[in-house]
């Protein structure tokens, strides 16, 4: 029996594949490489010495997604596939709504047809929007401030309706805070297309001399240094959270939601300073205007995940900075090889 991972070559998907394979799960990978590279899949095999099945398919391609279910005995799905850039979602909202929501509906319909009713869904802390109270618990009010966050919230509601209509489903919704870092081997990491949307790959590219300076979006937020505060967690800790959620859905029925974060907030400049201290690399920066949809502060109360899943983040900000730089240093141009396996 296999675990299907959609978006398997992506940043979080690739790290989760490694952790699943290390824990002796059979894995089937699906990706369309819209924001990922084929090389990541080769590196997964290199790290784990295992050969999972791979299908190059778009999540909107119903016929070929169904083929994956017809050809394999799938027991559960970890669903990462989706567009994920906040600022891009503001520019092209219809693309985000169509891709993320329609793709998930297609996946759920096929799962239902093949009686595969166990899913771990990759949601986001963006569903909370600008929080009224910190830390954020799973019961905090919703209020996404951008189309990306709204797609995640709509999908969560769809999954709740699916469970209400058929209580034999077992679903874990994971609301991630801000994953950064890379696998300690330096072989897989975050490799964005073009200009990075996320803080850490931008910092590492500036430190490596690929970009002149870091642009800090706003220094007039209500925080200790005026820059936005986020709950950064190591991507390997996040990947391990998926294993814990998978164990939970395998052992019963129901639908539940978990915050995955450290419970500690760091500002943009806190991260820059920590990175400089750990790596000895200078990161010149310039303050620029706020981005649309960004908020002051956002950090988790992760206690429910600890209580119910037995998961908590183990790595600290220094580990995250060190591993992110190790990845950048060893892969100055990211996953440069596009050779097929």
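The values are calculated or read from the model by the stated rules, or taken from the named source; none is laboratory data. Here the structure is a predicted model, which means the values were calculated and not measured. Positions of Cβ are generated from backbone atoms using ideal geometry, with glycine treated the same way; all protein chains shown enter the neighbour counts.
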Practice task
Evaluate the stretch 60-79: report whether one residue or more is touching a helix residue (DSSP H, G or I) at 6+ places or on another chain (Cβ under 7 Å) and under 24 Å from residue 330 (Cβ atoms).
Solution key: no
Fill in the blank from the handout: When every residue in the stretch 51-81 that is part of a strand (DSSP E or B) and under 20 Å from residue 174 (Cα atoms) is compared, the one farthest from the chain's Cα centre (by Cα) is 75
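Condition check ((1) within 21 Å of the chain's Cα centre (by Cα); (2) within 28 Å of residue 222 (Cβ to Cβ); (3) part of a helix (DSSP H, G or I); (4) without any contact (Cβ under 8 Å) to a residue 12 or more places away in the chain) across all residues:
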| position | (1), (2), (3), (4) |
| --- | --- |
| 258 | yes, yes, no, no |
| 273 | no, yes, yes, yes |
| 282 | no, no, no, no |
| 318 | yes, yes, yes, no |
| 336 | no, no, no, no |
Completion exercise
Residues in the stretch 82-128 that are surrounded by fewer than 21 Cβ atoms within 10 Å (Cβ to Cβ), at pLDDT below 95 and not in a helix (DSSP H, G or I) total 1
Exercise for the section: Could you grab me the full set of residues in the stretch 157-199 that are in a helix (DSSP H, G or I), buried (at least 19 other Cβ atoms within 10 Å of the Cβ) and either in contact with a helix residue (DSSP H, G or I) (Cβ under 7 Å, 6 or more places away or on another chain) or at pLDDT below 95 (or both)? Expected result: 162, 199
